[in-house]
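Trainee: Dropping the structure in here first, questions after.
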Amino acid sequence: MGLNCEPYPNGALLANPDDPHSFYQCSNGIGYLLQCPANLVWNQQKQVCDFGDNVPKPDKESTSTIVPTVPEELTTTNIVLPLQCSNHTVIDDPTRHILYNATRSCDDENLGWVRFIDGTNNGRSMIIPTVQPPYLEHCGAVVPGWLKNFTYPTTLGTTVQASVCFDFVITGSTARFCMYTIDIQITNCGQDFFVFNLPAAPRCNLRYCTILSHLLYKKRKKDDLIIFKYKHNMYSIKSHSGNKSLI
């Protein structure tokens, strides 16, 4: 039986009161039933599939009042997500944001499977950007890493290969090129929810950059100005000068 998700935002994850080994993901008012990996159950508090001993027993009475059902024909086939969708490290470091330009750091160790979130914006999902960050001193690094000529997978549960570009300016010009590239894996775990398998960067100070995943669907380029529209805010970044503004 499906779930009426109209009261909830897109991407909301809700417990399945009929089966602790599954959960619902909301998209456009409809809940899609997803299965946890074998031997794991849904932890509503942590929003991940977890070991049973770590999960409080659900209150079926209160749960049933917030998960009204809709006709079964509106749901999709059950989907078993890859293990990394529930077994990953959550990183909420705000210094990775594409607009951050203060401290310097580098990813000199293997991060493994990670999910980026914005801890200052209701835990919104973040991703590695597919647009070129401002040159140098952004994302908490000397040289930020981004995904050049890449389109995120749209099929739930799909894992794809991608190459992260760490680009430098050619001496005597403003042109930039990928001096270093590194191969990573990306899995679509749901709407705006991606996890990344990230090896160590080739050197310091190179670091993976992030941007709100909602901006993946709301971006446009006008001349030399890359503009991102998110809700009521407009983020704009000069692609070469490094100037930035938040309106």
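The values are calculated or read from the model by the stated rules, or taken from the named source; none is laboratory data. Treat the numbers as computed from the prediction; the structure is a model and nothing was measured. Here Cβ is always computed from backbone atoms with ideal geometry, including for glycine, and neighbour counts include all displayed protein chains.
Trainee: When only residues in region 85-107 that are touching a Pro at 6+ places or on another chain (Cβ under 9 Å) and at pLDDT 85 or above count, which is nearest to residue 200 (Cα to Cα)?
Mentor: From region 85-107, those touching a Pro at 6+ places or on another chain (Cβ under 9 Å) are 85-87, 96, 98-101, 107; that's our starting set.
Pick out the ones that are also at pLDDT 85 or above and you get 85, 87, 96, 98, 100, 107.
Numbers: 85: 21, 87: 19, 96: 15, 98: 19, 100: 21, 107: 6 Å.
This residue is 107.
Trainee: Go through region 1-22 and report how many residues are crowded, with 21+ Cβ neighbours inside 10 Å and in contact with a Cys (Cβ under 7 Å, 6 or more places away or on another chain).
Mentor: Summing the residues that are crowded, with 21+ Cβ neighbours inside 10 Å and in contact with a Cys (Cβ under 7 Å, 6 or more places away or on another chain) in region 1-22 gives 1.
Trainee: Mind checking which strands (runs of 3 or more DSSP E) fall wholly inside region 166-247 and carry at least 2 residues that are modelled with pLDDT of 90 or more? Explain how you work it out, then say what you get.
Mentor: Working: elements: 176-190, 193-198, 206-208, 219-222, 225-230, 233-238, 244-246.
Output list reads 176-190, 193-198, 206-208.
Trainee: Continuing with this model, one more query. Give region 167-202 a look and list any residue that's small (Gly, Ala, Ser) and under 17 Å from residue 148 (Cα atoms), or say none.
Mentor: From region 167-202, those small (Gly, Ala, Ser) are 172-173, 175, 190, 200-201; that's our starting set.
Across region 167-202, the qualifying residues are 175, 201.
Trainee: Now for a different question. Which condition breaks for residue 157 when tested against (1) under 22 Å from residue 106 (Cβ atoms); (2) part of a loop (DSSP other than H, G, I, E, B)?
Mentor: Tallying (1) under 22 Å from residue 106 (Cβ atoms); (2) part of a loop (DSSP other than H, G, I, E, B), residue 157 fails exactly one: (1).
Trainee: Any idea which residue in region 108-140 is modelled with the highest pLDDT, counting only those that are touching a Pro at 6+ places or on another chain (Cβ under 7 Å) and assigned to a loop (DSSP other than H, G, I, E, B)?
Mentor: If we take residues in region 108-140 being touching a Pro at 6+ places or on another chain (Cβ under 7 Å) and assigned to a loop (DSSP other than H, G, I, E, B), then 110 is modelled with the highest pLDDT.
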